[in-house]
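The values are calculated or read from the model by the stated rules, or taken from the named source; none is laboratory data. Remember, it's a predicted structure, so these values are computed and weren't measured experimentally. In this analysis, Cβ positions are derived from the backbone assuming ideal geometry, glycine residues included, and neighbour counts consider all displayed protein chains. For accessibility, only protein heavy atoms count, side chains too; no ligands or nucleic acids. Shrake-Rupley method; radii C 1.70, N 1.55, O 1.52, S 1.80 Å.
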Amino acid sequence: MPGETVRDDLEMEYVLELAAAFDKQARGHVVHNPDITFEDSNPLCGDKFKVQLKLNEDGEIEDVGFTGRGCAISRASAMVLIDEIQGRSYEDVDDISRDKLIDELGIEINSAVRLKCAGLALRTVKSGLQKNGYKVANAEEEDWAETD
Amino acid sequence: MIDTRDKILEIAPESLDVAAIRQDFPILDEFENGQKVAYLDNGASSQRPEQVINAMLEYYHKYNANIHRGVYRWSEEATRGYEGAHRKVARFINAYTPREVIFTRNTTESLNLVAYSWGRANIREGDEIVSTVIEHHSNLVPWQVLATEKNAGLRFIPMTKDGQLDLTDLDTIVNEKTKLVTFSHMSNVLGTISPVAAIVKRAKEVGAVVVIDGAQSAPHMPVDVQALGCDFYAFSGHKMLGPTGIGVLWGRRELLEAMPPFITGGDMIRDVTLARSTWNDLPWKFEGGTPSIAEGIGLGAAVDYLTKLGMDKVRQHEIELTAYALEQMAGIPDLTIYGPTDARTRGGIISFNLGDVHPHDLATMLDRDAIAIRAGHHCCQPLIELLEATATTRASFYIYNTPEEVDRLVAALYKARKIFHLD
Ligand SMILES: Cc1ncc(COP(=O)(O)O)c(C=O)c1O
């Protein structure tokens, strides 16, 4: 179906761009004296992200760095996330949901597995904050598949 | 090297009537994104034919009751259906008797049964357990747990570059300390068929018990547990046209008789006093609690279906389809195919990667063309590591798959090359 190809091309194009931006700007970026270092993985595929965060006294996120491996969707959503949280208070992280990231990617995801890809970076950041005593809502719940 | 597949390959029966088979699987007429779904994820779970679904429906509609204790007709009929399924499975794998056929939930539970029951009674400090580097986590983790608990060693048969088990050092890996050797009959990532005869021969020289993970072989090729020469053989109903929630452990009677029970409670006992109990006959001694009755009956119907087709024909169909797919896929630039390239030495499972495209991203593209394949580590993280990949994409075939579906996969891979800028 020719129409389909065009749609797939365009949709994926933006995700691939974001993923490439992530590889260039954020992947491997080392945060000096990070306050938080946290690793999480997607047990379904073994993809892994490690996040490092530097926060100031006001709880603002001053620096973010990621290492690890992931598919284009997980890397693209990590890029969107970084743009959202850099320079913002950790409390604002609470307002970011997986669905919001997916909206910004401009793609439709209906596979439960791919939803986990899209949420991996957010989950890593939220869990990292939580494990270090910052009050943010539990990101794990978002990973639970819904019926209906 | 002599192995059991030689016997199978001598037979060249006529092909399956795939068009007729597809009539029995209404799900294959379902549409996704405007096309019929090409279901190529049979290694994970197969579809079920009407005959299986109807056998289960009939139980629920007409004679639903618990088994073994009721003296009314429904219960007796349910007992006949459930026990009869054990007999069908026994014939299917050429067991000596249905008493050697234990119904579990799946391969994972079957292997755990051996690890917990046989393993805890027989493995001692300093003993060795031998597995391979290509195993599914189900046939690795239970042995890791057992070895740790018992302070026993765990050794692994390595793999050659082209994905076959490497038996060069078999005589040192399997030695006088070895008490148990376990390996998959067919790899769920590479499709490789293991050299059973050579491994069994060496294991028997040192008196080790042999466990075979048949999750991928029982559904796809003729299996004769007596000819294989193993002691335990495990497989899952849901990969062979049966329902989920039912699996099989076959074991040699004398071993099963000597083993302590695994899950204790109702149904598996003979006499119970407050102080102690004695165990029921085989296989019920290992089937504690109310079993999956409908699923057992469904598995019986699945075995009937496969037996009627003929497992040699099933195998032949998959050899032909896999050979065709390997040939078509070989021409795709940037495509890496893992595992042996001769379809006669492997099952209908093809793992691949397209350039450095992440398998998940590729799978999403294929899904848009209604092609259902699997992406990830396939529960074989150590093997994926050896392939120097982080994950693979996997297509796996069954009786209802066609060359046209292979063509759709190949076309979609060419399209994906464009989308991911590989050309
Ligand atoms: C080779 C192999 N072993 C074991 C298993 C586990 O089967 P189950 O999930 O039905 O227990 C599988 C299926 O994924 C498999 O392919």
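If we only count strands (runs of 3 or more DSSP E) wholly inside segment B:55-172, which ones have 2 or more residues that are more than 16 Å from the ligand (Cβ to nearest atom) and more than 14 Å from chain A (Cβ to nearest Cβ)? Walk me through it before giving the result.
On the way: elements: B:101-104, B:128-132, B:153-157.
Per the criteria, B:128-132, B:153-157.
Where helices (runs of 4 or more DSSP H) sit wholly within segment A:40-140, those with at least 2 residues that are within 24 Å of B:Arg368 (Cα to Cα) occupy A:72-85, A:98-105, A:112-131.
Taken as a whole, segment B:384-392 holds at least one residue that is closer than 28 Å to B:Thr107 by Cβ, at pLDDT below 95, away from chain A (no Cβ under 11 Å) and not in a loop (DSSP other than H, G, I, E, B). Residue selection: B:Gly229 satisfies the criterion of being touching a helix residue (DSSP H, G or I) at 6+ places or on another chain (Cβ under 8 Å), without any contact (Cβ under 8 Å) to a residue 40 or more places away in the chain and open to solvent by 10 Å² or more (accessible area, probe 1.4 Å).
So, B:Glu109, is that one among the charged types (D, E, K, R) and closer than 24 Å to B:Ile246 by Cα or not?
Numbers: among the charged types (D, E, K, R): yes; closer than 24 Å to B:Ile246 by Cα: yes.
Taking the combined requirement at face value, the residue satisfies it.
As a summary of the residue check, B:Ser138 satisfies the conditions (1) of a type in the set (Ser, Thr, Tyr); (2) within 21 Å of the chain's Cα centre (by Cα); (3) surrounded by fewer than 16 Cβ atoms within 10 Å (Cβ to Cβ) except for the one numbered (3).
Name the single residue that is surrounded by the fewest Cβ atoms within 10 Å (Cβ to Cβ) among those in segment A:21-38 being touching a Ser or Thr at 6+ places or on another chain (Cβ under 9 Å) and away from chain B (no Cβ under 14 Å). The selected residue is A:Val30. Taking B:Phe183 as the residue in question, decide whether it is of a type in the set (Phe, Trp, Tyr) and within 11 Å of the ligand (Cβ to nearest atom). Considered against the rule, which asks whether it is of a type in the set (Phe, Trp, Tyr) and within 11 Å of the ligand (Cβ to nearest atom), B:Phe183 comes out as yes.
May I ask you to verify whether B:Arg346 is of a type in the set (Lys, Arg), out of contact with any helix residue (DSSP H, G or I) (no Cβ under 6 Å at 6 or more places or on another chain), within 16 Å of the ligand (Cβ to nearest atom) and within 13 Å of chain A (Cβ to nearest Cβ)? Here the answer is no, as B:Arg346 does not meet what is asked. For segment B:325-373, a residue qualifies if it is surrounded by fewer than 21 Cβ atoms within 10 Å (Cβ to Cβ), of a type outside the set (Asp, Glu) and part of a loop (DSSP other than H, G, I, E, B), and the qualifying residues are B:Gly331, B:Ile332, B:Pro333, B:Pro340, B:Thr341, B:Gly355, B:Ala370. In segment B:208-235, of all residues being in a loop (DSSP other than H, G, I, E, B) and among the aliphatic types (A, V, I, L, M), the one that is farthest from B:Gly310 (Cα to Cα) corresponds to B:Ala208. Screening segment B:236-262 for residues that are away from the ligand (no atom under 11 Å from the Cβ) and in a helix (DSSP H, G or I) and picking the one that is most open to solvent (accessible area, probe 1.4 Å) gives B:Glu254. Within segment B:279-286, does at least one residue satisfy the condition of being without any contact (Cβ under 8 Å) to a residue 60 or more places away in the chain and in a strand (DSSP E or B)? Yes: segment B:279-286 contains one or more residues that are without any contact (Cβ under 8 Å) to a residue 60 or more places away in the chain and in a strand (DSSP E or B). Residues of segment B:356-365 include none that is of a type outside the set (Ser, Thr, Tyr) and either away from chain A (no Cβ under 12 Å) or within 16 Å of the ligand (Cβ to nearest atom) (or both).
Note on segment A:39-64: among residues that are open to solvent by 10 Å² or more (accessible area, probe 1.4 Å) and in contact with a Ser or Thr (Cβ under 6 Å, 6 or more places away or on another chain), the one that is farthest from the other protein chains (Cβ to nearest Cβ) is A:Glu60.
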